[in-house]
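The values are calculated or read from the model by the stated rules, or taken from the named source; none is laboratory data. Note that this is a predicted model, so its numbers are computed, not measured. Neighbour counts are summed over all protein chains in view; Cβ atoms, including those assigned to glycine, are modelled from backbone coordinates with ideal geometry. Note: accessible area is taken over every heavy atom of the protein model, side chains too, but ligands, DNA and RNA are not part of it. Shrake-Rupley method; radii C 1.70, N 1.55, O 1.52, S 1.80 Å.
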Amino acid sequence: MARIDRFNSRVARSPVGRWFRLEGSGAKAERAGSKFTVELRAGLTVFVAMAYIISTNALIITDSGGPCDCDRGEFGPTCDGDPAYARCLQGVKLDLVTATCAISCIACVLMGLLANLPIALAPGMGLNAYFAYTVVGFHGTGKVSYANALAAVCIEGLIFFALSVVGLRQWFARMIPAALKSATATGIGMYLAFIGLQSSAGIGLITASPSTLVELGGCPPEFRNKENVCESHRMQGGPTWLGVMGLVVIGVLMLYRVRGAVLAGILLVAAISWPRPTAVTYFPHTPAGDEAFAFFKKVATFHPIKDTLARYHWDLSSGEFWIALITFLYVDILDCTGTMFSMAKFGGFMDEEAQDFEGSSVAFLVDSAAITIGSVFGSSPVTAFIESGAGIAEGGRTGLTAVTTGLMFFVALFFAPIFASFPPWATGPALIVVGSMMMQNVAQVNWRYLGDALPAFVTIIMIPFGYSIGYGLIAGIGTYTAVNSFVFVLARLSRGRIVPPNFDERDDWVAFVTRGSLRDNLPAWARWLADRRRSRAAARAPSHAELDQIAVDPSRPPPLPKHE
């Protein structure tokens, strides 16, 4: 321990420590509690929690058909039965594995280096499904081609970049009431836990139900139908119980503040799940299991992007194209904004008075640039990932966490068979634990005043139930606007006589938003230019003594302008 502490102290005093403002670096505004080895461990934890994205994102986007095509008159609308089409899809899947690793690496490293935030970015899991199944359609059966959809993603990134440069994204984030920001963090915690309980990215304890939508599951995969409904053997699935064991292990280790508790739990469950044949193996003796095990045994491989690189088609005349672009815009801006603010709040980077976090302007710029770069590789929009909370829970406080995650995605370019083979019941317990930790934000909601409490509650429940951070924020903002606009109008019409009994207990949103000057809502670069212009104007202005002399002797010519 002493040797590690000395090593952390030496790194903190180095240029690396000063750049990331590690504790003990002597830099301005050090990040309290940040240590080099802790940041590395946190970044590795985030990567392991996000490793499922490598294969899942590739599989989802491949379902769109990518640039592949066939004679649909002969083989039907989905090209089933065409061997050339199947071979093309296999190549596209490998392209997208590389693309996912590459864009995640670039985005995470830029976020860490430039914004100094422990927030990881990768292709968004909800947006990729919308991209593949709604915009392009399964195997290209939609109204927008794959290449045209990539053009929409590219334009979205450019629009976001422009909005971030002028400060509109930051201004929009500032306009969100404080109660909804706390509610969003709480809702994301529930969302994470809900994902961790499911079978697609969790332990499989909760499965689909034809009557109640969800129900207690826990059955082995072979006893679930295509709709993911347990037909029998509930709570008899080995992977579910192994996931429960992982949850207990992580919880006990964190209770005793063991370093690397989350990562240790994930690796333990994964290691138990890799051997075959066992009741908890990730590679059962099925065609899909055999294919996954054959890929796993490769250990190291690299596939260059061939078919999806810069496959743009700039047809802007389609109405469906603009619908897709607008949907990408509003869902991504709310999703990313909600995630970034929630992670900043969870990590303690939030300025509660300004309702903003350090590095927000650069973070939004990095996010928008990553969206455009990702489209070049052939991927759907990139966004901030809520799995970043696993790294923050592990002690990540600086951009070193994100840089480490990015470097691990670079390693995954060559070791994708290993990192794409972490079973969901290994990472699910980590998501549940992080979700429980994010629930503490619910205490910061103003529950005394219903005008704040009701919109916050709607936001909290709609994020997991609507399965979207963006839609949850839309529901909360809509409820907040409707309820409080009625109160505001009635108070104005009655000249303040008709107001709720506890009106004084509300969070005064109007006073908060109008606090300060226009300068306070500008991005950092614009504030710097404004300050520089003001200082130059002050340097050229006549002094008080010169103004007094002019007042005494009006015939005296005014002083010449001063030069710097």
S145 - accessible surface, heavy atoms, 1.4 Å probe, Å² rounded to 10: 60 Å²
Of all accessible heavy-atom area on the chain, the percent that carbon and sulfur account for (1.4 Å): 66 percent
Normalised per residue, the volume of the convex hull around the Cα set of the chain (Å³): 226 Å³
Rg [Å, one decimal], Dmax [Å, integer] - the range 436-500, C-alpha atoms: 14.1, 45
Accessible area in the full protein assembly, largest first, 1.4 Å probe, for S368, S436: S436, S368
Two-decimal log10 I(q)/I(0) for the range 1-116, as the Debye equation yields it once each C-alpha is a single scatterer, q = 0.15, 0.16, 0.18, 0.20 Å⁻¹: -0.76, -0.81, -0.93, -1.04
Using alpha-carbon coordinates, inclination of helix 287-297 to the longest axis of the chain, degrees: 70 degrees
Antiparallel DSSP beta bridges within the chain, percent to nearest 5: 85 percent
Most to least accessible of M343, M350, M245 (protein chains only, probe 1.4 Å): M245, M350, M343
Cysteines, the chain, no other Cys beta-carbon under 4.7 Å: C101, C105, C108, C154, C336
Mean ellipticity per residue at 222 nm, deg cm²/dmol - from DSSP H runs of n ≥ 4 across the chain, formula -39500 (n - 2.57): -19000 deg cm²/dmol
Potential extension, Y312-F138 segment - 0.36 nm per residue separation minus Cα distance: 60.7 nm
Which listed pairs, of K35/K181; K35/K345; K226/K297; K93/K143; K35/K298, have C-alpha distances above 26 Å, in listed order: K35/K181; K226/K297; K35/K298
Overall dimensions of the range 134-288 by Cα: Rg and Dmax, Å: 21.3, 57
Approximate spin-label separation A300-T286, in nm, with each point projected 7 Å along Cα-to-Cβ: 3.3 nm
Average accessible area per residue (Å²) across the chain - probe 1.4 Å, nucleic acids and ligands excluded: 45 Å²
Of the chymotrypsin sites (Phe, Trp or Tyr not before Pro) in the range 331-416, those whose Cβ has at most 16 other Cβ within 10 Å and which sit in DSSP loop: F414
Per-residue SASA entry for D531, accessible area with 1.4 Å probe, Å² rounded to 10: 60 Å²
